[in-house]
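The values are calculated or read from the model by the stated rules, or taken from the named source; none is laboratory data. Since we're looking at a predicted model, the values are computed, not measured. With ideal geometry, Cβ positions are generated from the backbone for all residues, glycine too; neighbour counts draw on all protein chains shown. For accessibility, only protein heavy atoms count, side chains too; no ligands or nucleic acids. Shrake-Rupley method; radii C 1.70, N 1.55, O 1.52, S 1.80 Å.
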Amino acid sequence: MSAPSPTAAQRSVLAGLADVLIAEGCGMPAASRVGVAGELLDRCLEAAPVLAAPLLALLDEAPSDAADAYVRCLAADRPDDFAVLSTVVVGAYYLSPQVRDLIGYPGQEPSPLTVAAEPDYLDMLERVYERHPGYREAP
């Protein structure tokens, strides 16, 4: 079962709330400018579908004309709801290729482990191998 998809109205409300959390500044774009209420939101909710229902409930109750006051109220009085909103907004924001480029994060890359580069690795494995086995027959 997939998570419910946000409506156009909910996406519009999210864009306003997101800009309260992540405003433009210091060379970084505002959250709505990179599309946190669009495809990035969908990717975020696909990765964490448990956040979809509480987020959509928040978006349904949020006023469209008082985003700043609503976000401040959530932060002060409803920390669990604020955590849902901020997790989704920040998660979607950092999924943006533009944001990742601006902060110099290329994304996950393979990091192969070689024995030559990690000489202590063999010593560690040897100590584990030599110690008494932890397995015992159950009575």
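Quick look at the values:
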| item | result |
| --- | --- |
| Filter result for L95 (on the phi < 0 side of the Ramachandran plot and open to solvent by less than 30 Å² (accessible area, probe 1.4 Å)) | no |
| Residues located in the stretch 11-51, provided they are closer than 24 Å to P63 by Cβ, among the β-branched types (V, I, T) and open to solvent by 30 Å² or more (accessible area, probe 1.4 Å) | V20 |
| Sole residue being farther than 22 Å from A83 by Cβ and among the basic types (K, R), chosen from R43, R11, R33 | R33 |
| Residues of the stretch 1-51 satisfying the condition of being part of a loop (DSSP other than H, G, I, E, B) and hydroxyl-bearing (S, T, Y) | S2, S5, T7 |
| Matching residues, the stretch 65-78, being surrounded by 11 or more Cβ atoms within 10 Å (Cβ to Cβ) and not acidic (D, E) | A66, A67, A69, Y70, V71, R72, C73, L74, A75, R78 |
